[in-house]
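Enquirer: Provided herewith is a single structure, encoded as structure tokens, for subsequent inquiry.
The values are calculated or read from the model by the stated rules, or taken from the named source; none is laboratory data. Note that the structure is predicted; figures quoted are calculated from it, not measured. So basically every Cβ, Gly included, is an ideal-geometry build from the backbone, and we count neighbours across all protein chains shown. We work out accessible area using only protein heavy atoms, side chains counted, and drop any ligands, DNA or RNA first. Shrake-Rupley method; radii C 1.70, N 1.55, O 1.52, S 1.80 Å.
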Amino acid sequence: MDRTFERIPSGCAISGIMNVAGQRISGEKIIASISLMHDRSNGLGGGFAAYGIYPEFADHYAFHLMYQSERGRTLTEEFLNKHFIIERGEPIPTRPVATITDPPLLWRYFLKVPEERLYKNPEPVDERDYVVEKVMYINDNIPDSYVASSGKNMGAFKGVGYPEDIGRFFRLEEYEGYLWTAHGRFPTNTPGWWGGAHPFTLLDWSVVHNGEISSYGINKRYLEMFGYKCTLMTDTEVVAYAVDLLHRRHDLPLEIVAKVLAAPFWKDIEKMDEEDRKLYTALRQVYGSSLLNGPFSIIVANSKVMMGLNDRIKLRPMVWGRRGDFYYMASEESAIYEIEPALDEVHVSKGGEPVIVRLKEGE
Amino acid sequence: MANLIPPRFKVVIDYEKCRKCKRCVINCGFGVYSFADRVIPDHKKCVSCQRCVAFCPEEAITIIENPNVFRPNSYWTMEDRINIMKQAGSSGMLLTGMGNDRPYKNYFDHLLIDACQVTNPSIDPLREPMELTTYLGKKPDAVTVKVENGKVKLDTRIAPQIKLDTPIIFSPMSYGSISLNAHKALARAAKECGILMNTGEGGLHKDLYPYKDWIIVQVASGRFGVNQEYLDHSAVVEIKIGQGAKPGIGGHLPGEKVNREVSETRMIPEGTDALSPAPHHDIYSIEDLAQLIYALKEATNYEKPVSVKIAAVHNVAAIASGIARAGADIIYIDGFRGGTGAAPTIIRDHIGIPIELAIAAVDDRLRAEGIRNSVSIVAAGGIRHSGDVAKAIALGADAVAIGTAALIAMGCHVCQMCHTGNCSWGIATQRPELTQRLDPDWAAQQLINLVKSWSLELKEILGALGLNAIESLRGSRERLRGIGLNDTELAILGVKHAGR
Ligand code: SF4
Ligand code: SF4
């Protein structure tokens, strides 16, 4: 399929649930939460990220693939065979849903990286860099093929339709995970491309995003300098890659990553103590091109953490709440109350201030 | 033959209105007027600098283009014919001042800026913070931090950075080519605006020492005025390799402009021509440039960014990449519209490339090589308004430098006669009766007003784009569209055509 589409602006709904003790729940709650915000989407995109769903393959990279043709599948499987050990490959189970039409071929593979691949002379290769490179290769070079997710013990389920319909289509009530995020999309036009739905993922990172990143042009060019290929022409992809670059490759703590993506204003930096002023000045000097400018609320997650973040002047809504070990984030408060009427606490998140929820140690 | 050349302009005096105050006679730096019963203009001397027009109390003067026409010929322009006549009569290079005035394609005017509608909100700069702060200097690829007692601390040593309150600086104009009053005005305005002025290659007059934190000092091929004290009185040190108006050739300040103060500042004898060689005779390769860069860093204790200024020529991208790798902190690129105090007309009008294309090519190349962070790009050469500033930044510049626009703010009317030393506006001259016309306080205020106005407009543009920090526009070519450009031009600029 021709992926040189125009970039598509969109509005949206997002929701997230995490049990910090690692207790797994079925996909039903997240579907209930996102479907309450039905009117924030328009049926042109919905999706979910689920963590902890493949315990029997916990050490394998779970690749969710979308194919527009059998040829794409053949080529991709050849490629995977060459670069990975395929433990298992199977169609992703779905059920017919009246409103979901024309799905691509949906497959998943549980992969290991062959040891010998990690030693390119003379430098050893980081396993995750290796996987990222292969994902980028497939998305960029293999026709009709798109990697929807590639992390361990997690997966992205997404497509064209209302999120609740997508959820039923993928039979998410049959999966159990400790961390779920969801997205309902309101694109202003659409090429009907399933890959364009959220979440966007890389390794075990996933991003769901409500908003439009007005700085997309430079964010993309900046990330390209570090080898990321933004093939999907959507804002959200750059968020996923920026988080990967800053957190995984540049080793910045997630709190600091948030302060790069939604940087404090210079006037506020000036008021900080000497130490912080130096740090935040350096961050803005060096990472100015990865400031996400424009309205957004995002939920970024990986196997251990869920982070909610708003743009620095809070141009999009976001609320978070807690009941016991369950943490909730959503575009609307009602979407949380819908699934947990008795919250211990509930807050409106602040512009540029990340809300970070971590899996308890040892879970 | 010179006498046979028709005047370019005609000075039309309304003698009914004229009250014979002779202000025009006094004000004209070019000796156009004489007085015998009434003012009599010598049309041939008029350069249309508009000084008399501005100062005539009766609005009695109109300068018109000479309506006398040569037989029209779309190939042999009047200018070409006159230039041939001049050279046939005098034997020599034709000199000129200011930038290339030929009607080459102007890319700024073929670029349009985006704005937000509905899907993302525009931002109101009067109600929301809007950030123009820009730091020039070498940035590392990554910031490293360490966590101590739960507090995240910076663990990277960042190379020296210069803070600009707005991404607009003044371009190099030497003391000698322009007057000390003009230099003072630029320095005062730079301080007030939180930006930089640039000495050009003529050294730094001691009166400007208090402004050292807002000054770029240049080290050019003539090394005029360069010593430790000079380097110490600066925020940035710049190696001048080339100039947009005259790439590949040196400078020439005629002896008449080298009065006592200029001679002291440049450290050359009074009344001698100040000739700077075409190349630096210690830089014949990129390795030599690296040596000079590091010599200057040593001399300034690694506390100041070193900038390298080049003219935009065909191979500018590869040259810029070499400069970045040679260790420069800033690359200053001067496009072919850039001004000059004096240059051979033939060089000014036919050498170099437009700054728009140069910015795009350099930014692309540095990104492709993964070294864009390692150097800041300052773009100059024909920036006329804040729209050009925004476009230059969106194409990939960190900041722009303005020369001609700054001169216009101080009264210049772009008569292109800077090389004659007769500037009626007291700017490009050392004649005391002319230089005293330029009040440095007034001129500084004019410059401040200009920079503030453009900054306000930049904020308005950012707001329309839904951005609240200038770095989100820098290199964001997605927010530009071309109009009336072919595929090659669009590809070089890295923009889509309007409608896409
Ligand atoms: S300045 Fe005007 S009024 Fe005065 S002499 Fe000249 S033309 Fe006449
Ligand atoms: S500085 Fe003076 S001489 Fe040069 S163009 Fe401007 S008005 Fe004319």
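Enquirer: Using only protein heavy atoms and a 1.4 Å probe, how much accessible area in total is buried between A and B, to the nearest 100 Å²?
Expert: Rounded to the nearest hundred, the buried surface is 3700 Å².
Enquirer: Ignoring ligands, DNA and RNA, what percent of the 1.4 Å accessible area of the protein assembly as shown is carbon and sulfur?
Expert: 50
Enquirer: Using DSSP to define loop residues, name the trypsin sites (Lys or Arg not before Pro) in the stretch B:34-136 whose beta-carbon has at most 12 other beta-carbon atoms within 10 Å.
Expert: B:Lys105, B:Arg127
Enquirer: How high is the relative contact order of the stretch B:12-92, in percent, counting Cα pairs under 8 Å that sit 6 or more residues apart?
Expert: Once divided by the residue count of the stretch B:12-92, the mean separation gives 28 percent.
Enquirer: List the longest stretch of chain A that has no exposed loop site; here a site is one of the trypsin sites (Lys or Arg not before Pro) assigned by DSSP to anything other than H, G, I, E or B, with at most 13 other Cβ within 10 Å.
Expert: Here the longest segment lacking exposed loop sites spans A:121-270.
Enquirer: Which order do the peptides B:61-74, B:264-277 take when ranked by the mean count of other beta-carbon atoms within 10 Å per residue, highest first?
Expert: Those peptides, ordered most packed to least, come out B:264-277, B:61-74.
Enquirer: Treating only the Cα positions of the stretch B:162-497 as identical point scatterers, give the base-10 log of I(q)/I(0) from the Debye formula at each q in 0.09, 0.14 Å⁻¹.
Expert: The calculated log intensity ratios at q = 0.09, 0.14 Å⁻¹ are -0.43, -1.10.
Enquirer: So, one more: Amide H to amide H, which residues 5 or more places from B:Ala311 or on other chains are under 5 Å from it, using H placed in the peptide plane?
Expert: Those qualifying (amide H under 5 Å, at least 5 residues apart or on another chain) are B:Gly242, B:Gln243, B:Asp334.
Enquirer: Taking the stretch B:2-92, how many lysine pairs are there with alpha carbons less than 20 Å apart, if each pair must be eight or more places apart or span two chains?
Expert: Here the count comes out as 9.
Enquirer: Let me ask something else. If you filter the stretch B:83-186 for chymotrypsin sites (Phe, Trp or Tyr not before Pro), then keep DSSP loop positions with at most 15 other Cβ within 10 Å, what is left?
Expert: Here the sparse-neighbourhood loop sites are B:Tyr104.
Enquirer: Excluding A:Arg108 itself, calculate the net charge of residues whose Cβ lies under 10 Å from the Cβ of A:Arg108, where each Lys or Arg counts +1 and each Asp or Glu counts -1.
Expert: 0
Enquirer: Also: Can you compute the helix-only [θ] at 222 nm over chain B? Use -39500 (n - 2.57) per DSSP H run of at least 4 residues, normalise by all residues, nearest 500 deg cm²/dmol.
Expert: My calculation for chain B gives -8500 deg cm²/dmol from helical runs alone.
Enquirer: Could you go through the stretch B:337-344 in sequence order and give the Karplus-derived ³J(HN,Hα) for each residue, using 6.51 cos²θ - 1.76 cosθ + 1.60 with θ = phi - 60°, rounded to whole Hz, and x for Gly and Pro?
Expert: 8, x, x, 7, x, 6, 7, x
Enquirer: Any chance you could check the stretch B:456-478 for residues losing 50 Å² or more of accessible area when the partner protein chains are in, compared with the chain on its own (1.4 Å probe)?
Expert: B:Asn468, B:Glu471, B:Ser472, B:Glu478
Enquirer: Sticking with this one: Compute the signed sum of charges (Lys and Arg +1, Asp and Glu -1) over the other residues within less than 15 Å, Cβ to Cβ, of B:Gly403.
Expert: Values: positive: B:Lys240, B:Lys246, B:Lys309, B:Arg337, B:Arg348, B:Arg384; negative: B:Asp101, B:Glu201, B:Glu238, B:Asp334, B:Asp388.
Net charge in that neighbourhood comes out at +1.
Enquirer: Please compute the contact order of chain A in relative form: average sequence separation of alpha-carbon pairs under 8 Å and at least six residues apart, divided by the residue count, as a percent.
Expert: This gives 25 percent for chain A.
Enquirer: With θ set to phi - 60°, apply the Karplus curve 6.51 cos²θ - 1.76 cosθ + 1.60 along the stretch A:299-308 and write out the HN-Hα couplings as whole Hz, x wherever there is a Gly or Pro.
Expert: 10, 10, 9, 9, 4, 10, 8, 10, 10, x
Enquirer: With a 1.4 Å probe and all protein chains in place, put A:Met272, B:Met197 in order of accessible area, largest first.
Expert: On the way: A:Met272 45, B:Met197 0 Å².
If we order A:Met272, B:Met197 from most to least accessible, we get A:Met272, B:Met197.
Enquirer: Could I ask something else about it? Could you do me a favour and compute the accessible area per residue for chain B, 1.4 Å probe, result in Å²?
Expert: Counting only protein heavy atoms, the per-residue value for chain B is 42 Å².
Enquirer: OK, next. Please give me the summed charge of the neighbours of A:His183: other residues whose Cβ is under 14 Å from its Cβ, Lys and Arg +1, Asp and Glu -1.
Expert: -1
Enquirer: Further question on the same structure: Quote the accessible area belonging to B:Tyr33 in square angstrom, nearest 10, computed with a 1.4 Å probe and with ligands, DNA and RNA left uncounted.
Expert: Estimated to the nearest 10 Å², B:Tyr33 gives 20 Å².
Enquirer: Just list whichever of A:Lys271/B:Lys146; A:Lys152/A:Lys360; A:Lys267/A:Lys304; B:Lys184/B:Lys246; B:Lys206/B:Lys240; A:Lys350/B:Lys138 have alpha carbons separated by over 30 Å in the model shown.
Expert: A:Lys267/A:Lys304; A:Lys350/B:Lys138
Enquirer: Let me ask something additional. Where does chain A land at 222 nm, in deg cm²/dmol rounded to the nearest 500, when only DSSP H runs of n ≥ 4 count, each adding -39500 (n - 2.57), divided by all residues?
Expert: The helix contribution divided over chain A gives -7500 deg cm²/dmol.
Enquirer: Convert each backbone phi in the stretch B:230-242 into a coupling constant with the Karplus relation 6.51 cos²θ - 1.76 cosθ + 1.60 (shift: θ = phi - 60°), then list the ³J(HN,Hα) values in order as whole Hz, x for Gly and Pro.
Expert: Using θ = phi - 60°, the values come out as 4, 4, 5, 9, 7, 9, 9, 10, 10, 8, 8, 9, x Hz.
Enquirer: May I ask what percent, to the nearest 5, of DSSP beta bridges between residues of the protein assembly as shown are antiparallel?
Expert: Percentage antiparallel, nearest 5: 75.
Enquirer: Quick check on the stretch B:162-497: of the DSSP beta bridges with both residues there, what percent are antiparallel, nearest 5%? Present the calculation step by step, with values, prior to reporting the outcome.
Expert: Values: 3 of 32 bridges.
Given both bridge residues lie in the stretch B:162-497, the antiparallel proportion sits at roughly 10 percent.
Enquirer: Ok, one more. What Cys residues in the protein assembly as shown are without a partner cysteine, judged by a Cβ distance under 4.7 Å?
Expert: A:Cys12, A:Cys230, B:Cys18, B:Cys21, B:Cys28, B:Cys46, B:Cys56, B:Cys116, B:Cys193, B:Cys412, B:Cys418, B:Cys423
Enquirer: Quick one: what does P(r) look like for the stretch B:13-56 with 5 Å bins over all Cα pairs, in whole %?
Expert: 5, 25, 37, 25, 8
Enquirer: Hey, another quick one. How high is the relative contact order of the stretch B:162-497, in percent, counting Cα pairs under 8 Å that sit 6 or more residues apart?
Expert: Worked out over the stretch B:162-497, it gives 18 percent.
Enquirer: Right, here's the next one. May I ask you to rank A:Ile25, B:Ile330 by accessible area, largest first, using a 1.4 Å probe over the protein chains only?
Expert: A:Ile25, B:Ile330
Enquirer: May I ask you to rank A:Leu36, A:Leu246 by accessible area, largest first, using a 1.4 Å probe over the protein chains only?
Expert: Listed by decreasing accessible area, they come as A:Leu36, A:Leu246.
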